[in-house]
Amino acid sequence: MNRSIRSKQERKAIGLRLRQVIIDHSLSVEEISQQTGLTTAQIYDRMKLGNLRLNEATELCRVLEIDLQWLATGYEPIPYIEGVTHKLTELSRTKPEFVNHLLLAIDRLWHEERVGKRL
């Protein structure tokens, strides 16, 4: 997770997700420290600031049994995405305009969420 790319708010959200998973797993920072090789001070820093290096994030995800993508973005993997993609591909052959409008709407919603305001 490149520190120069992520905003302060995004990094803080990563730290909050990390803190919540540690609480949910009822683990102590000392236990995680022993399993990851990070010091307790480093773990507290990562929870507070969210400034994880990729190797640290990967190791924490392994120990905490969480998805790296979820830790980085907060989004859960989409179940059945392959089926949805297949259906959209089929529909694009018979109703390409509908699929185009649907994808544009999804893109607009994603952009609104990302920017945080309505278009």
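The values are calculated or read from the model by the stated rules, or taken from the named source; none is laboratory data. The structure presented is a predicted model; accordingly, all values stated were derived computationally and were not measured. Glycine also receives a Cβ, built like all others from the backbone with ideal geometry; neighbour counts cover every protein chain displayed. Ligands, DNA and RNA are stripped out before the accessible areas are found, and what is left, the full protein with its side chains, is counted by its heavy atoms. Shrake-Rupley method; radii C 1.70, N 1.55, O 1.52, S 1.80 Å.
Computed over the alpha-carbon pairs of region 64-106, the distance histogram in 5 Å steps reads 5, 20, 17, 18, 14, 11, 9, 4, 1, 0 percent, short to long. Of 13, 109, 84, which is farthest on the positive side of the dipole of the chain, counting Cα position, with +1 on Lys and Arg Cβ, -1 on Asp and Glu Cβ, and the Cα centre as origin? Checked the options; the winner is 109. The length gained by stretching the chain between residue 25 and residue 88 to full extension, at 0.36 nm per residue less their Cα-Cα distance, is 18.9 nm. A probe of 1.4 angstrom, applied to the heavy atoms of all protein chains, finds residue 113 with accessible area near 110 square angstrom. The heavy atoms of residue 28 present about 40 square angstrom of accessible area, all protein chains included, probe 1.4 Å.
Contour minus end-to-end for residue 33 and residue 113, with contour as 0.36 nm per residue of separation and end-to-end as the Cα-Cα distance? Present the calculation step by step, with values, prior to reporting the outcome.
Values: separation 80, 0.36 × 80 = 28.80 nm, distance 3.50 nm.
Taking 0.36 nm per residue and subtracting the Cα distance, the gain is 25.3 nm.
A viscosity of 1.002 mPa s and a temperature of 20 °C, combined with the Kirkwood radius over Cα pairs in Stokes-Einstein, give a translational diffusion coefficient for region 41-95 of 156 µm²/s.
Look at the alpha carbon pairs under 8 Å that are at least 6 residues apart: their mean separation over the length of the chain gives a relative contact order of 24 percent. Computed 3J(HN,Hα) for region 48-65, one whole-Hz value per residue from the Karplus formula 6.51 cos²θ - 1.76 cosθ + 1.60 where θ = phi - 60°, is 6, 9, x, 8, 7, 7, 4, 5, 5, 4, 4, 5, 5, 5, 5, 5, 8, 6, glycine and proline marked x.
Suppose every Lys and Arg Cβ carries +1 and every Asp and Glu Cβ carries -1, with no other charges. What dipole size does region 14-113 come out with about its Cα centre, to the nearest 20 debye?
Numbers: 10 positive and 15 negative charges, 39 e Å.
Taking the Cα centre of region 14-113 as origin, the dipole is about 180 debye.
Arrange the residues 110, 70 by how much accessible surface each exposes, largest first, with a 1.4 angstrom probe. Please report the intermediate quantities before stating the final value.
Numbers: 110 140, 70 50 Å².
Ranked list, largest accessible area first: 110, 70.
Among the listed values [x] 29, 15, 11; [y] 24, 16, 13; [z] 37, 17, 11, the one matching semi-axes √(5λ) of the Cα gyration tensor in Å as calculated from this structure is [z]. Rolled with a 1.4 Å probe across the full set of protein chains, the surface gives residue 67 an accessible area near 70 Å². Once the Cα-Cα distance is subtracted from the 0.36 nm per residue extended length, the residue 81 to residue 104 segment shows a gain of 6.5 nm.
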